[in-house]
Amino acid sequence: LWSEDSMGGMSMREILFRAKRADNGEWVEGYYIYHIKRTICPIGDSVKPEDEQHVIMQDGFSDWNMPRNTVVFDIDPETVCQYTGLKDMNGNLIWENDIVEDKRFNGFYKIVFRVRDGGWYVENIKSGALFRIMERTSYQYERCGNIFDNPELLKGGITCRN
């Protein structure tokens, strides 16, 4: 995918996902894969939850596109977050559903993707106002946590503990 770089031009960004493991709740990063376990699906038959599999795959391909050292984790699909391609003021990766603090204007924001606009935004926790986030503005944010591990941040009024 293309994203705006610090000079206002377009550049490629790494496509990466993270989610919580189904077995122990720990975060894993890698490539998100969704598939239906059944090999034959009769016409008109609906997909049942037990037929779905959501996984994060790590280190799945070599330079020659040959599988090697593949590690696959079953994940909780409700926690899947995509990497925005941006880093905060401390060099931390910024992910979808992260909560960030704007150090310039003292506000808290949730990271969201808007399909309609095709871009990443910060959504003000108090007002719901949306602002486009880009590489040239991401330096003003500090990643505080996320909506899954730190739901108290959605209430606002708390500063980053970093």
**OP:** Mind counting the residues in the stretch 94-108 that are modelled with pLDDT under 95 and open to solvent by 20 Å² or more (accessible area, probe 1.4 Å)?
**Re:** 5
Original post:
From the residues in the stretch 76-110 that are under 13 Å from the mean Cα position of the chain (by Cα) and of a type in the set (Lys, Arg), which one is nearest to Lys20 (Cα to Cα)?
Top reply: Lys110
Original post:
Looking at this structure, is Arg136 under 20 Å from Phe17 (Cβ atoms) and either open to solvent by 80 Å² or more (accessible area, probe 1.4 Å) or of a type in the set (Lys, Arg) (or both)?
Top reply: no
Original post:
So which of Asn150, Asn124, Asn146 ends up being at pLDDT 95 or above, at negative phi and not aliphatic (A, V, I, L, M)?
Top reply: Asn146
Subject >> Test set (1) open to solvent by 50 Å² or more (accessible area, probe 1.4 Å); (2) in contact (Cβ under 8 Å) with a residue 60 or more places away in the chain - Asn146 fails condition number >> reply: (1)
Subject >> Residue under evaluation Phe131, criteria (1) under 30 Å from Met57 (Cα atoms); (2) assigned to a strand (DSSP E or B); (3) without any contact (Cβ under 8 Å) to a residue 60 or more places away in the chain, criterion not met >> reply: (1)
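The values are calculated or read from the model by the stated rules, or taken from the named source; none is laboratory data. All values reported here derive from a predicted model rather than from experimental measurement. All Cβ positions, even for glycine, are placed from backbone atoms using ideal geometry, and neighbour counts span all protein chains on display. What goes into the accessible areas is simple: the full protein's heavy atoms, side chains included, and nothing from ligands, DNA or RNA. Shrake-Rupley method; radii C 1.70, N 1.55, O 1.52, S 1.80 Å.
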